[in-house]
Structures are given as C-alpha cells and as structure tokens.
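The values are calculated or read from the model by the stated rules, or taken from the named source; none is laboratory data. Nothing here was measured: the structure is a model prediction, and the numbers come from that model. Here the Cβ is made from the backbone with ideal geometry for all residues, glycine too, and neighbour counts use every protein chain on show. The accessibility values were calculated without ligands, DNA or RNA, using every heavy atom of the protein model including side chains. Shrake-Rupley method; radii C 1.70, N 1.55, O 1.52, S 1.80 Å.
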Amino acid sequence: MTKEIPIRAVTVELLRAGPPHNQLLSPLTQYPGICGDSQAGIVNLPYEHRAFLRLLEVDALRQRRGCRPPARAARHGGGNGEDTGRHPRLPGALTSDPDGPDILVHLRLVLSASELAALPFELAKIPVGPAAWAEGWLALQTRPPVVITRRTRNVSPEGVRWPTKPRILFIASDPADVPFEEHRAEVLAALQPFRYPGRTDPVVTNDGRREQFGDLLTILKDARFDDVVTECASIRYTHVHVLAHGDVDPAAEDRSYGLVLHTADGEADVISGERFGSAFACVVDGAIHRPTVVMLASCDSGNVGSVIIPGASFAHVLHQAGIPLVVASQFPLGKQGSTLVARSLYQGLMWGENPWLLLHRIRTGLHGRLTTRFHDWASLVVYEALPADLNDQLEEVRYRQARLCHRRRARMRRPGGERRGCQA
C-alpha cells in the first residue's frame, strides 16, 4: 500500500462569554483564541455585522454564474485569516520544514458563537510572510497543503467509530429541479466494485420513487420528509446524501435556511436543520443511531441566517445533533461542482481514504476545474468531530473493501459468470 502523507492537526478555538446566539460582529469584541497548548491570544474582527451581511449579499459569492474568484469577499468578508493569524502560534503552525518530508496540515476551527460560524474562514488568506495576505488562499496553498474544518465544543469525537460496512441513503428532491441523474450515476459508480449480481440488483417500487440496491444503497426520488423519517427509523444508514435546493424557511423568524422537498400535492416544503437532525438521530434496534457522514448537495446549507436567536446553519445544526462529518456549501453551489464533489467524495470514502486528504483534493480540484466560472471551491464547508485514531480505523475499512472487490472479481471469472449477469 502506498504510504500516505503525514497529517499534522492544528486546533484553533475562538471563545467569548455568553450564549452562542444574540451577539453581533463588532471591532470592539475581543475573542480569546487558543491554538494547541500555547498561550491564549486575542482576536479582533475589523467590521460591523451589518456591513458584513451587506457585503455577502452584494458580492460575487451570491451570484451563481459568470463570477470570478471572490477576491472582494476575501478582502472584507473572508479576510478573517489575517485576524486569526495574529495568534502568536498559528502562523508557525501552518508552515513546514522546507528540508523535511511533505505534510498536510489539518486546521480545525472550534467555533460555537453563531456570528463566528457565519464567517467564511475557508476564504482566509495565508497568514505567513509580510505580503502573504495579498498573495494566496490558505485553503489552496501547497507548501504545506492545508485542509480547513469546523467543530463545535459540544460535539465530542470520543467513541466515534468509522463504519466498516457502508450503507448509503440518497435523498433527492424533484429530479426536474436538481441534477439527479448525474448524482445517481456517480454514487452507483463508486459502489460498482462492491456490487454482487443478484444481491444488489435494483428493486423499484410501483410509483418509481424508491430504488433499493441490496444493503448498499437506497434512493428516495422526489422524496417527502415522511419518507426520510421512515427510512432512518427502520434502517441504520452510515452515509446520507441529500440533493435538494436550499431556501429560507418561511416558518422561521430568524430567516434560517432549510432544504426544499415537496409534499404529496407538489407544494414546496422547506425542512429545517432541526427537523432533519431529529430524523437522522433516532433509536434503531434499541440504540441511538446517527449516520457518520452527511453530504448536503445544496446551496446555502452552510449559510448562517440570523444570529440573534438560537440556531445556526443547516450543516452546523446537523453537526450539533452529533453527526461526525457534515459536508456542505455556505454559498450557492453549481450543479457541475456538486457532481464533482459527489464523485470524488464517494469514490474515496468507499475505499477508506482519509477524509482530510480527500477533502483537500476535492477543494483544489474544484478550483482547478471551475475557478474561471464558479467559486464552488470557496463554498465548500466541512464540520467534523472524528477521533485521533481515525487512520487506524480506516485500515479495517480498506481491508474489508479490498476483500469484497477481490471476491467479486473472482466470482465474475468463474465459468458461467456472464450467464449470471456478471461483467468482466
């Protein structure tokens, strides 16, 4: 097996007094910042909350097509890397020995305050060197490469076990409104090496809205939220893929974002993160079960609404419900970009690839392929609470998946394999 690049974790936590909600961004607010085991540093943000919200609304970040990389947002809305970079230890922690081996830096931001969760830290500039702020994006730097994730203080990685036997639930809204066929093809392609003819052949319900591939994959097409609740209450899914549009929840006074499904009458039904979190975290077989990975292929699923009352972004709420890994988008996400994320994410996860290496490759891949037309690389936001021994756990996944693939290939080589529907 090819030796993986070493990963160095750097944890930065920004704190303030009071509850997570009901405070606004202000240059007067001092946030104690803790980086690893070093002394605390003070971080100040240079803008007022109203000006920050106006900037995000009028910036190219809110445009779906025809925009260049969001440099203006980085200077004003996403330039918070300059402020976090004032922490006495962070700049040094993000560098590597030029004569030493290559490493990947996992920058873990622990954020509980709602106004901080609203900041696009993924657009921070490199906090190293006198001209670094104007020269490069931290999430795209290559010496060393950096992967940025988020976490809240009330979600612990202790006891998290990476699933060795993946089972995916694919929830899609109206296929006419979303790139359903493209996402379906990418998920099936990622599962193809592990499918057995006869065991995982598709079984479709009479109305065509539910498609079952053995114990590997369940697809809910044009899903109702009741369908989601029923599935999660009866089957232990390890991965959930949600493909839907994001919209402001009309029932929420804080203008928070939800995901749009439809009722049986075809009416739009905006589902909040709290409702999805309740559906995902439920009692199955006498124990509380949550999926390990949730991918939200939806615009604004990582976008924080109002910070005045309790609640945050859809992804933030799911993470607080105890889901260890949530991949979302804090700004509009293009159809092509969401398909590329689905392709790379599931191909890597199904083979037990380390999520940090995988997510860094996904972000740089989006930048390389789509940066002249879209800013999907900047939209990607990841919430995580995964254990320190994750790579050891992934070894078991790699071993099991390799065995499954080998057994499938051996079966297809048997005489008469083609008559049973096997393909070489």
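Structure above, values below:
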{"quantity": "Filtered residues of the stretch 202-220 (kept if open to solvent by less than 60 Å² (accessible area, probe 1.4 Å) and either out of contact with any Leu (no Cβ under 9 Å at 6 or more places or on another chain) or not in a loop (DSSP other than H, G, I, E, B) (or both))", "calculated": "T205, G208, E211, Q212, F213, G214, L217, T218, I219, L220"}
{"quantity": "A176, sole failed condition from (1) open to solvent by less than 20 Å² (accessible area, probe 1.4 Å); (2) closer than 27 Å to G337 by Cα; (3) assigned to a loop (DSSP other than H, G, I, E, B)", "calculated": "(1)"}
{"quantity": "P166 vs. criteria open to solvent by 20 Å² or more (accessible area, probe 1.4 Å) and assigned to a loop (DSSP other than H, G, I, E, B)", "calculated": "no"}
{"quantity": "Qualifying positions in the stretch 19-36 - touching a residue at least 60 places away in the same chain (Cβ under 8 Å) and either open to solvent by 50 Å² or more (accessible area, probe 1.4 Å) or touching a helix residue (DSSP H, G or I) at 6+ places or on another chain (Cβ under 7 Å) (or both)", "calculated": "P19, P20, H21, N22, Q23, L24, L25"}
{"quantity": "Those residues of the stretch 87-138 which are modelled with pLDDT under 85 and among the aromatic types (F, W, Y), in sequence order", "calculated": "W133"}
{"quantity": "The stretch 1-18, residues that are open to solvent by less than 50 Å² (accessible area, probe 1.4 Å) and under 30 Å from D97 (Cβ atoms)", "calculated": "V10, T11, V12, E13, L14"}
{"quantity": "Residues of the stretch 94-121 that turn out to be assigned to a loop (DSSP other than H, G, I, E, B), in contact with a Ser or Thr (Cβ under 6 Å, 6 or more places away or on another chain) and closer than 18 Å to V155 by Cβ, as a count", "calculated": "1"}
{"quantity": "From D300, D265, residue being out of contact with any Asp or Glu (no Cβ under 7 Å at 6 or more places or on another chain), open to solvent by 20 Å² or more (accessible area, probe 1.4 Å) and at pLDDT 85 or above", "calculated": "D265"}
{"quantity": "Residues of the stretch 185-201 that turn out to be of a type outside the set (A, V, I, L, M, F, W, C), surrounded by 12 or more Cβ atoms within 10 Å (Cβ to Cβ) and within 23 Å of S234 (Cα to Cα), as a count", "calculated": "3"}
{"quantity": "Within the stretch 37-62, considering residues that are modelled with pLDDT of 80 or more, part of a loop (DSSP other than H, G, I, E, B) and of a type outside the set (A, V, I, L, M), the one most open to solvent (accessible area, probe 1.4 Å)", "calculated": "E48"}
{"quantity": "V293 vs. criteria of a type in the set (V, I, T), surrounded by 21 or more Cβ atoms within 10 Å (Cβ to Cβ) and touching a His at 6+ places or on another chain (Cβ under 6 Å)", "calculated": "yes"}
{"quantity": "The stretch 192-204 residues that are farther than 15 Å from K165 by Cβ, paired with ones that are assigned to a loop (DSSP other than H, G, I, E, B) and open to solvent by less than 30 Å² (accessible area, probe 1.4 Å) (beta carbon under 7 Å, 6 or more apart)", "calculated": "P197/C422"}
{"quantity": "Pairs where the first residue, in the stretch 261-285, is without any contact (Cβ under 8 Å) to a residue 12 or more places away in the chain and the second is open to solvent by less than 50 Å² (accessible area, probe 1.4 Å), C-beta under 6 Å, 6+ apart", "calculated": "none"}
{"quantity": "Residue within the stretch 248-259 that is open to solvent by 40 Å² or more (accessible area, probe 1.4 Å) and either in contact with a Cys (Cβ under 8 Å, 6 or more places away or on another chain) or farther than 21 Å from A117 by Cβ (or both) present", "calculated": "yes"}
